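Following: one structure in structure tokens, then a few remarks.
The values are calculated or read from the model by the stated rules, or taken from the named source; none is laboratory data. Given the structure is predicted, the values throughout are model-derived calculations rather than measurements. When we count neighbours, we look across all protein chains shown, and the Cβ atoms used for this are built from the backbone with ideal geometry, even at glycine. In case anyone asks, the SASA skips ligands and DNA or RNA and just uses the protein heavy atoms, side chains included. Shrake-Rupley method; radii C 1.70, N 1.55, O 1.52, S 1.80 Å.
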Amino acid sequence: MLGSDLIGFHTNDYVQHFEKSVHRLIGSESKLRSIQVGNRPVKVDLFPISIDYERFNSAYTLPEVVEERNKIREQLQDNKLLFSVDRLDYTKGVLNRLQGYEKFLERHPEWHGRISFVMVVVPSRSEISSYGERKQMIEENTGRINGRFATMSWQPVVYQYRSLSFEQLCAYYTACDVALITPIRDGMNLVAKEFVATRQDEQGVLILSEVAGAAAELGEALLINPTDREGMAQAIERALSMAPQNQSERMRLMQNRIREYDVVQWADDFLTQLFNAKSQQHQWEVRILNVALRKQIMEKYQNAQKRLLLLDYDGTLVPFAKFPELARPSERVVELLNELAAVPQNQVVIISGRDKKTLENWFGSLAIQLVAEHGAAVRQPDGIWQENPDAFHPEWRANIQQAMNLAVQRCPGTFVEEKTHSLAWHYRNTADDLGFARSRDLIDTLHGLTGHQLQVIDGNKVVEVRVAGVDKGSVASRIASESNYDFIMAIGDDRTDEDMFRALSDRALTIKVGQQKTLARYSLPDTGAVLSFLQRFTGMENNGENIDLTPNTELTSA
């Protein structure tokens, strides 16, 4: 399925289940309903299939339908007609339907002799023994109900095991007073939409299972739990006593919805989204740099007199960990940074959202520049920290922390990280859908608490609040302007790094880790590729010009 460009589902539940399955089985996460598969985004979205509305709606006046409808009404005389039509399939809940109708007859003896339930079961998979057994069970239950309640002049259930022509089907749709469509599981169920579309008279009541996909679009129907016999009996009684005006109002709203999103619109929507998905792929499409282009980058680095290397930390130099304190730099990372910093022409900067205490603890022994909390504090290579006075406003913390603590209570597995100049709520350790939903709630709350002085950052499974104007873009731009650098490279993976890419777009080699939409010029797939790529620069210094430029990882251009 992930070989497709666009994957469509009938319901939002199915979309979410597929996204969870992909994450659980292959580890790929869905972001904004897009799953990254290698260098290619796969779009996953909701496309509730529809019907040919005009065909069913215009059938109301077809001579064949009118004639058949009149025959049905003559046979019923003044009785109310309850109608259902389904394939012989265990998911359709036919037995539950019979039991619900039986409960209605028990509860409302006043309707005896005044209602008929025409139940059409269309033959399906008759060669399978279990389906034959189910047919027998339906017939036995039908016989039992008729034997219990029938009189000489009245049969409560009219059971038909046959197929219906289009005209016969539309005649029953337009003749009945109530359509009873109660599958115990259904991706969509077009029968419900067909019934609504045929009712030019805007009369009739739809009783629909709440677990049918169509229930999301037909909210004006009487929605029921298909296994709740009492609830089904109550819904039948309510439908039979519903005023014509109420029926008309409900039917009109459902018809408008189906008319606007009929099968033509559904197909057009799907194809449009497919073209958009391909367009998005082309926008994000990456091309593997050939040896010549890689050589140009390496030569530019080697020929430069002053170089600035701006490196994000989490998600760039190290993978994300369950808790921030667990994402300590490996020996390889420390050694690599030390080798890069040892080159006289290089200025190495770790530009991170981490607090200064953590960065000092991990990298304090290295002769590199450290930027903490996106620019709230900067440590020069000589080890002296400089605080950004604009970043320190402790008076805002109490309300923000209270909102984040409430989010922790509502979403198990999340936690608040307190930094000197910012607060961060992490939701990496909770279920994806719950964490994302709670993060949207928190962001809405924080926007109501923060004014123009504060900024809410929607990061990679983290929501952070900091003082506005203190970001990687401004600090990276300032550092880049402090000297006459002739080679600047910035690497990052997060949305906060987009500020840096934007600020340096005209003078730096910008690289995004991952394949999300980005302002960066190039991309690398993961942290391992970043380290391998950076290792090349140390190899050039050690070995001179005679280096192997054959890639051990792919650097791609976005």
Subset tally (residues that are open to solvent by 40 Å² or more (accessible area, probe 1.4 Å) and of a type in the set (Val, Ile, Thr)) for segment 100-120: 0
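Please count how many residues of segment 432-455 are in contact (Cβ under 8 Å) with a residue 12 or more places away in the chain and within 22 Å of the chain's Cα centre (by Cα).
10
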So, in segment 322-337, how many residues would count as being open to solvent by 30 Å² or more (accessible area, probe 1.4 Å) and either out of contact with any Leu (no Cβ under 8 Å at 6 or more places or on another chain) or not in a helix (DSSP H, G or I) (or both)? 8
Checked pairs for segment 125-141, first modelled with pLDDT under 85, second among the polar types (S, T, N, Q) and open to solvent by less than 70 Å² (accessible area, probe 1.4 Å), C-beta under 9 Å and 6 or more apart or across chains, list as 131/124
With the checklist (1) touching a residue at least 12 places away in the same chain (Cβ under 8 Å); (2) part of a helix (DSSP H, G or I) in hand, flag the one item residue 398 doesn't pass. (1)
Tell me which residues, restricted to segment 38-61, are of a type outside the set (Ser, Thr, Tyr) and open to solvent by less than 50 Å² (accessible area, probe 1.4 Å). 41, 42, 43, 44, 45, 47, 48, 49, 51, 56, 57, 59
Residue list for segment 16-54, filter: of a type in the set (A, V, I, L, M) and either touching a residue at least 40 places away in the same chain (Cβ under 8 Å) or over 20 Å from residue 516 (Cα atoms) (or both): 25, 42, 46, 49, 51
Cβ-Cβ below 6 Å, separation at least six or inter-chain, first residue in segment 417-431 and at pLDDT 85 or above, second of a type in the set (Lys, Arg) and assigned to a loop (DSSP other than H, G, I, E, B): which pairs? 427/461; 428/461; 429/322
Give segment 285-302 a look and list any residue that's surrounded by 12 or more Cβ atoms within 10 Å (Cβ to Cβ), modelled with pLDDT under 65 and assigned to a helix (DSSP H, G or I), or say none. 293
For residue 435, state whether it is open to solvent by less than 60 Å² (accessible area, probe 1.4 Å) and touching a Phe, Trp or Tyr at 6+ places or on another chain (Cβ under 6 Å). yes
Return yes or no: is residue 315 closer than 17 Å to residue 528 by Cβ, under 33 Å from the mean Cα position of the chain (by Cα) and touching a residue at least 12 places away in the same chain (Cβ under 8 Å)? yes
In segment 23-52, anything of a type in the set (A, V, I, L, M), assigned to a loop (DSSP other than H, G, I, E, B) and in contact with a His (Cβ under 9 Å, 6 or more places away or on another chain) is listed as 49
Can you list residue pairs whose Cβ atoms sit under 6 Å apart, with the first residue in segment 211-239 being in contact (Cβ under 8 Å) with a residue 24 or more places away in the chain and the second being open to solvent by 60 Å² or more (accessible area, probe 1.4 Å) and charged (D, E, K, R)? Count only pairs 6 or more apart in sequence or on different chains. 211/185; 217/257; 233/107
Please report, ordered by residue number, the helices (runs of 4 or more DSSP H) entirely within segment 443-558 with at least 3 residues that are at pLDDT below 85 and open to solvent by less than 40 Å² (accessible area, probe 1.4 Å). 527-543
Working only within segment 110-135, note down all residues that are among the polar types (S, T, N, Q) and more than 30 Å from residue 77 (Cα to Cα). 124, 126, 129, 130
Suppose we filter 370, 366 for residues that are part of a strand (DSSP E or B), open to solvent by less than 40 Å² (accessible area, probe 1.4 Å), within 28 Å of residue 345 (Cβ to Cβ) and not β-branched (Val, Ile, Thr); which single one remains? 370
If we ask which residues in segment 415-431 are open to solvent by 60 Å² or more (accessible area, probe 1.4 Å) and under 30 Å from residue 13 (Cβ atoms), their number turns out to be 1
Among (1) under 27 Å from residue 186 (Cα atoms); (2) assigned to a helix (DSSP H, G or I); (3) at pLDDT below 95, there is one condition residue 75 misses while meeting the rest; what is its number? (1)
Of the listed residues (406, 359), the one being out of contact with any Lys or Arg (no Cβ under 9 Å at 6 or more places or on another chain) and either in contact (Cβ under 8 Å) with a residue 40 or more places away in the chain or of a type in the set (A, V, I, L, M) (or both) is 406
Selection over segment 82-98 where residues are assigned to a strand (DSSP E or B), crowded, with 22+ Cβ neighbours inside 10 Å and without any contact (Cβ under 8 Å) to a residue 60 or more places away in the chain yields a count of 0
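Look through segment 142-173, keep the residues that are assigned to a loop (DSSP other than H, G, I, E, B) and touching a residue at least 24 places away in the same chain (Cβ under 8 Å), and return whichever of them is most open to solvent (accessible area, probe 1.4 Å). Outline the logic, then answer.
So the first thing to find is which residues in segment 142-173 are assigned to a loop (DSSP other than H, G, I, E, B), and the list is 150, 152-153, 155-156, 162-165.
This time we only want the ones that are touching a residue at least 24 places away in the same chain (Cβ under 8 Å), so: 153, 155-156, 162-164.
Numbers: 153: 113, 155: 95, 156: 0, 162: 83, 163: 76, 164: 37 Å².
Checked segment 142-173; the qualifying residue most open to solvent (accessible area, probe 1.4 Å) is 153.
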Restricting attention to segment 78-88, does a residue exist that is farther than 30 Å from residue 136 by Cα and out of contact with any Cys (no Cβ under 8 Å at 6 or more places or on another chain)? yes
